[in-house]
Every structure is written in structure tokens, then in C-alpha cells.
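A quick write-up on the structure given underneath.
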Amino acid sequence: MMFSPIVIRSNRGEYPVNFYDDFELLCEATLDSKATIVVLDESIQRIYEKRLEPLVGSAETFVIHSSESEKTLDGCTRLLEHMAARNANRDTVVLAIGGGVLQDIVTFAAHVYFRGIAWHFVPTTLLAMADSCIGAKASINFSGFKNQLGVYHSPSMVSICVAFTKSLDDTALLSGLGEIVKLHLAGPETAFDELVETIANRGLRSPELSKMVYRSLRIKQGYIEQDEFDNGVRRHLNYGHTFGHALESITDHAVPHGIAIAIGMDLVNYISLKRGLLSSSIYRRIHEFLARTFAFSIRGEIRPEDWIAPTKRDKKSKDGKLRLVLLRKPGELELVEQENASELFLWVSEYCNSQMFLRTKIQIN
Ligand SMILES: NC(=O)c1ccc[n+]([C@@H]2O[C@H](COP(=O)([O-])OP(=O)(O)OC[C@H]3O[C@@H](n4cnc5c(N)ncnc54)[C@H](O)[C@@H]3O)[C@@H](O)[C@H]2O)c1
Ligand SMILES: [Zn+2]
């Protein structure tokens, strides 16, 4: 095993995050989890059916086509119906193998079924391995808006095998990197520079990827063990998410979650700069890295009001005042209220009109 297990202390007890070098070791260890229902991502079934045979061969398998439209009450209902038809009970363990979308569906269903049953997670995307697999949060989309309904329900175990990332395309890999960058900017002061250097020297598809995953989880662990239920410091991990979620909504999820977060961090960094919290040299250093790494093209134009309208439903907002997580410097985030709406509109307009990767990359065609 490449890394020793991480043990996450949660309100519902401790759970381990184990690391496996290959599928054989993963299957061997996971077989012990006594899962009786397996929920499998469709791509994973297609690509890894043979290699995961010992794990999924004999179990009742429910296959999910992972998409934001499946991450809804309807999608959860389909899984709950499957569980009920298989007479799932409080001794049932659901084994979930897939990315962040499948995780959110399974967590939600496992939480409400018989007031909570156990689930074991094998994350298969970089985003799920490096970020979402710990922390117990699950959100599903509702009434056309992202992540409106949610629960907290820790897994009983997480098993990570970074070899799954080999079959991810570059966009999915970059989406995972978006959350990795967020966590490195939320971590110790030097973490971000070290990450940038590693990516520059070794690239993403390198053995260093496991270390990035491990480091990200360690940083997130620090936050969730202090504040599992998002009442304080964990809110800093929403950095990039207010405008990131807005971008996902505006583009109907054409921009993958982690890439939207990277762009959301860039915009909120611009606001941090304008509010005098972030120095222009740090702003530029981060911007250049984000622009170089996360350039992403979609059709159509995004106007300043498009960025701002969806933020009105942001969970962090209070009394109609938008709350943003701003950056002072790597390792120092701050939750602030943005009361002045016209000031915000001006900055977002400037951001859209300036020589930034959003304008050149997003407003094409
Ligand atoms: N609960 C949380 O704490 C949390 C945190 C961050 C993000 N999220 C949510 O996670 C979702 C994004 O998750 P995601 O990025 O993992 O995407 P995803 O689960 O939609 O997977 C992306 C695509 O990759 C495919 N796939 C999965 N594993 C693969 C593999 N190893 N090889 C090839 N293809 C594979 C899937 O079938 C899917 O088509 C968003 O809805 C986001 O809101 C949740
Ligand atoms: Zn996220």
C-alpha cells in the first residue's frame, strides 16, 4: 500500500480512507466490507467490469448513468426503489463505485433509507478521490438549481485506487484538479506553490498524482474534523463555489464542476484584489496558473448579470446579502459580506471585459 490509511473522525464515528496500488488489492480488501448492494457508475461498468469481477460479480448491481440530471430526487428515487425491491434493511451495506455524482445520489439515498444505512465508497474520478469522498456531505439538484437539497452521512469506509484515473479524459482530470487547487490554496501557505511546481515539472498524469490526492485529503481532513457541519471554518472550502455554481447553472453544466470552481476562484480572486485583500502580485501568479491550466471553451456569451443572478440562491447568503469566500493569500481565506450590489456588478463587468481567460475562452463562437 502506498500510503498509510487516513482515519477521519466524524460525528458518526471514525472511518478509514485506505489506499490501494492496484485493482486486485482493492477487490481483495473491499470484499470484506460485506456489501449487499453495489451501485456502479456506467462508465466504470463498461471499462472495468473484468477487473472488478470479484467485487461486483455476485452482488445485486444498480448501474447509474452519472449526470447532473440524475443527481435529483428522481435519480435518488430510482435507487431507493431498487434498494426496497432487494429488501435492503439496516444491515445492508451499499458499495458505491463511481464519481462525485454517484456519490451524492448514494449518500442521499443511504441517509434517508430506514433513517440511515451504511455505505462504502470507492471513488473513481480524481475529483471524488481528492475531495468529495470525505466530509459526509451530499447535495442533489432541485428545481433547476444546483445542490439545493442535502444531507450529511459519512461513509463507513473509503477505498482509493488512483489507477482508475488512467481512463479519465483530460477534461475530467482537470475537473479534479480544480478541487485539488482549491484545497492547496486553503492549506498551508506553501502548498499552492509546491503544487504548481510539481505540475510544471511532472505533469498531471504522473506518479505524483497520488501524492496530490493524499495531500488534498489531509488538508480537507483538517477542516472537516474541526467543523463537520459547516458552521465555521469549513465554509472556507466553498471558495470558488459561489461563482462556480453560477457558471454551472448558466451553461447547463457544460463546464464540469471542478473547472467551474477554478474559474470561480479566479473571479473571486479578482474581487479579493478589488476589495484590497489580495495583492496584485499574488493575484497575477494565481491567475496565470489558472488561465494556463483551466482554459476551457464553450459556446455563447456570459454577461455580468448572468454571473450574479444565480448567486441569489447561494446557501451562504444571509438576509439577501451575498457572502463570498475571499482570498488574502494562499492559506488565508475569509468569509465576507458583499453588501454593495453595484460595486459587485462593476467588478464582475470589469472581469468579463478584461484580458482574462474567461473572455477569450468562454465568449467564443
Ligand atoms: N459531496 C461532495 O462533497 C461533493 C464535493 C465536490 C463535488 N461534488 C459533486 O460531484 C459532482 C462531480 O463529480 P465528478 O467530477 O466525479 O463527475 P461524475 O461523477 O459525473 O463523473 C464524470 C464522468 O466520468 C465518468 N467516470 C467516472 N469514473 C471514471 C473513470 N475512472 N474512467 C472513465 N470515466 C469515468 C462518469 O461516468 C461520468 O461520465 C458534481 O455534481 C459536484 O457537485 C460533491
Ligand atoms: Zn466542489
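The values are calculated or read from the model by the stated rules, or taken from the named source; none is laboratory data. Just so it is clear, the model here is predicted, and its values are computed rather than measured. Positions of Cβ are backbone-derived with ideal geometry, glycine not excepted, and every protein chain shown enters the neighbour counts. All accessible areas refer to the heavy atoms of the entire protein, side chains included, with ligands and DNA or RNA removed. Shrake-Rupley method; radii C 1.70, N 1.55, O 1.52, S 1.80 Å.
Can you report the number of residues in the range 249-306 which are in contact with a strand residue (DSSP E or B) (Cβ under 8 Å, 6 or more places away or on another chain), under 28 Å from residue 190 (Cβ atoms) and of a type in the set (Lys, Arg)? The number of residues fulfilling the criteria is 1. Hey, any hits in the range 52-69 for a residue that's within 16 Å of ligand 2 (Cβ to nearest atom) and within 30 Å of residue 259 (Cβ to Cβ)? Yes.
Just to confirm my filter: which helices (runs of 4 or more DSSP H) fall fully inside the range 139-228 and include at least 3 residues that are in contact with a strand residue (DSSP E or B) (Cβ under 9 Å, 6 or more places away or on another chain), touching a residue at least 60 places away in the same chain (Cβ under 8 Å) and open to solvent by 40 Å² or more (accessible area, probe 1.4 Å)?
208-226
One residue stands out among those in the range 237-250 that are more than 14 Å from the chain's Cα centre (by Cα) and either under 15 Å from residue 132 (Cβ atoms) or more than 14 Å from ligand 1 (Cβ to nearest atom) (or both): the one that is surrounded by the most Cβ atoms within 10 Å (Cβ to Cβ), which is 243.
Of everything listed in (1) of a type in the set (A, V, I, L, M, F, W, C); (2) within 9 Å of ligand 1 (Cβ to nearest atom); (3) in a helix (DSSP H, G or I); (4) touching a strand residue (DSSP E or B) at 6+ places or on another chain (Cβ under 6 Å), the single unmet condition for residue 134 is (3). Could you say whether any residue in the range 257-266 is open to solvent by 20 Å² or more (accessible area, probe 1.4 Å), free of Cβ contacts under 8 Å to residues at least 40 places away in the same chain, within 16 Å of ligand 1 (Cβ to nearest atom) and not aliphatic (A, V, I, L, M)? No, the range 257-266 contains no residue that is open to solvent by 20 Å² or more (accessible area, probe 1.4 Å), free of Cβ contacts under 8 Å to residues at least 40 places away in the same chain, within 16 Å of ligand 1 (Cβ to nearest atom) and not aliphatic (A, V, I, L, M).
Across the range 273-314, the number of residues qualifying as free of Cβ contacts under 8 Å to residues at least 12 places away in the same chain and of a type in the set (Gly, Ala, Ser) comes to 3. Evaluate the range 33-41: report whether one residue or more is loosely packed, with under 15 Cβ neighbours inside 10 Å and in contact (Cβ under 8 Å) with a residue 40 or more places away in the chain. Within the range 33-41, one or more residues are loosely packed, with under 15 Cβ neighbours inside 10 Å and in contact (Cβ under 8 Å) with a residue 40 or more places away in the chain.
Against the conditions (1) assigned to a loop (DSSP other than H, G, I, E, B); (2) open to solvent by less than 10 Å² (accessible area, probe 1.4 Å); (3) hydroxyl-bearing (Ser, Thr, Tyr), residue 30 satisfies every one except (1). Screening residue 21 on (1) in contact (Cβ under 8 Å) with a residue 40 or more places away in the chain; (2) surrounded by 17 or more Cβ atoms within 10 Å (Cβ to Cβ) shows it passes everything except condition (2).
Residues that are within 13 Å of ligand 2 (Cβ to nearest atom) and part of a helix (DSSP H, G or I) within the range 247-259 comprise 247, 248, 257, 258, 259, listed in sequence order. Residue 69 fails exactly one of the following numbered conditions: (1) in contact with a Gly (Cβ under 8 Å, 6 or more places away or on another chain); (2) open to solvent by less than 60 Å² (accessible area, probe 1.4 Å); (3) under 24 Å from residue 173 (Cα atoms). What is the number of that condition? Among (1) in contact with a Gly (Cβ under 8 Å, 6 or more places away or on another chain); (2) open to solvent by less than 60 Å² (accessible area, probe 1.4 Å); (3) under 24 Å from residue 173 (Cα atoms), residue 69 violates only (2).
Just one of (1) more than 9 Å from ligand 1 (Cβ to nearest atom); (2) of a type outside the set (Asp, Glu); (3) farther than 24 Å from residue 35 by Cβ trips up residue 156, so point out which. Just one mismatch for residue 156, condition (3). Scanning the range 260-301 for residues that are assigned to a helix (DSSP H, G or I), among the hydroxyl-bearing types (Ser, Thr, Tyr) and farther than 19 Å from residue 176 by Cβ turns up 270, 272, 280, 281, 283. Taking the listed residues 46, 51, the one that is under 30 Å from residue 248 (Cβ atoms) and within 16 Å of ligand 1 (Cβ to nearest atom) is 46, with no other qualifying. From the list 160, 134, 105, the one residue that fits, being over 21 Å from residue 48 (Cβ atoms) and modelled with pLDDT of 95 or more, is 134.
On the stretch given as the range 98-132, residues that are open to solvent by 10 Å² or more (accessible area, probe 1.4 Å), away from ligand 2 (no atom under 16 Å from the Cβ) and hydroxyl-bearing (Ser, Thr, Tyr) total 1. Among the residues of the range 115-131, those identified as of a type in the set (Gly, Ala, Ser) and near ligand 1 (Cβ under 10 Å from one of its atoms) are 128, 130.
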